[in-house]
Amino acid sequence: MKRIAFVLLITVLALSLTACRVNWFDRHYDVPWWTIAVPIVVFAAIVCFAAGKYIASKKYVCPKCNKSFYPKWWQAFSFHMNGYRVFKCPHCGRKGFCSLSKESDD
């Protein structure tokens, strides 16, 4: 729910731009809002995807069943603290802090 609210907030802020004045070497250009907003949104999506793939490449261990697993890339955006992240274990179903495995591929 928080992600949807964040995306809506960013969308409203991007759409609130009607035109922007760009100064380029003492020349002034009026550009439409989408020429600035679209590259920012695309760049943010690429960064989020890359960060999710990087975090998903790490192996985590469930403290309840002690089995290791790799999370999905979209699950990487969860609450985290130091080497611990909140995941749902695919083996036992426990949802909570899972530690980074010592044998994780770096």
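Summary table
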item	result
When residues of segment 36-70 are limited to those that are of a type in the set (S, T, N, Q) and touching a residue at least 12 places away in the same chain (Cβ under 8 Å), the one surrounded by the fewest Cβ atoms within 10 Å (Cβ to Cβ)	57
Restricting segment 71-88 to residues that are in a loop (DSSP other than H, G, I, E, B) and in contact with a Pro (Cβ under 9 Å, 6 or more places away or on another chain), the residue that is modelled with the lowest pLDDT	78
Any chance residue 91 is modelled with pLDDT of 80 or more and in the same structural domain as residue 103 (by TED's automatic domain parsing)	yes
Residue that is modelled with the highest pLDDT [pool: residues in segment 95-104 that are of a type outside the set (S, T, N, Q) and more than 21 Å from the chain's Cα centre (by Cα)]	102
Number of positions in segment 48-94 that are under 25 Å from residue 2 (Cα atoms), of a type in the set (Lys, Arg) and over 20 Å from the mean Cα position of the chain (by Cα)	1
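Listed here are the residues, each with its yes/no results for (1) more than 30 Å from residue 100 (Cβ to Cβ); (2) modelled with pLDDT of 80 or more.
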{"position": "7", "(1), (2)": "no, yes"}
{"position": "14", "(1), (2)": "yes, no"}
{"position": "27", "(1), (2)": "yes, yes"}
{"position": "42", "(1), (2)": "yes, yes"}
{"position": "57", "(1), (2)": "no, yes"}
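The values are calculated or read from the model by the stated rules, or taken from the named source; none is laboratory data. All values reported here derive from a predicted model rather than from experimental measurement. Counting neighbours? That spans all protein chains shown, and the Cβs are built from the backbone with ideal geometry, glycine included.
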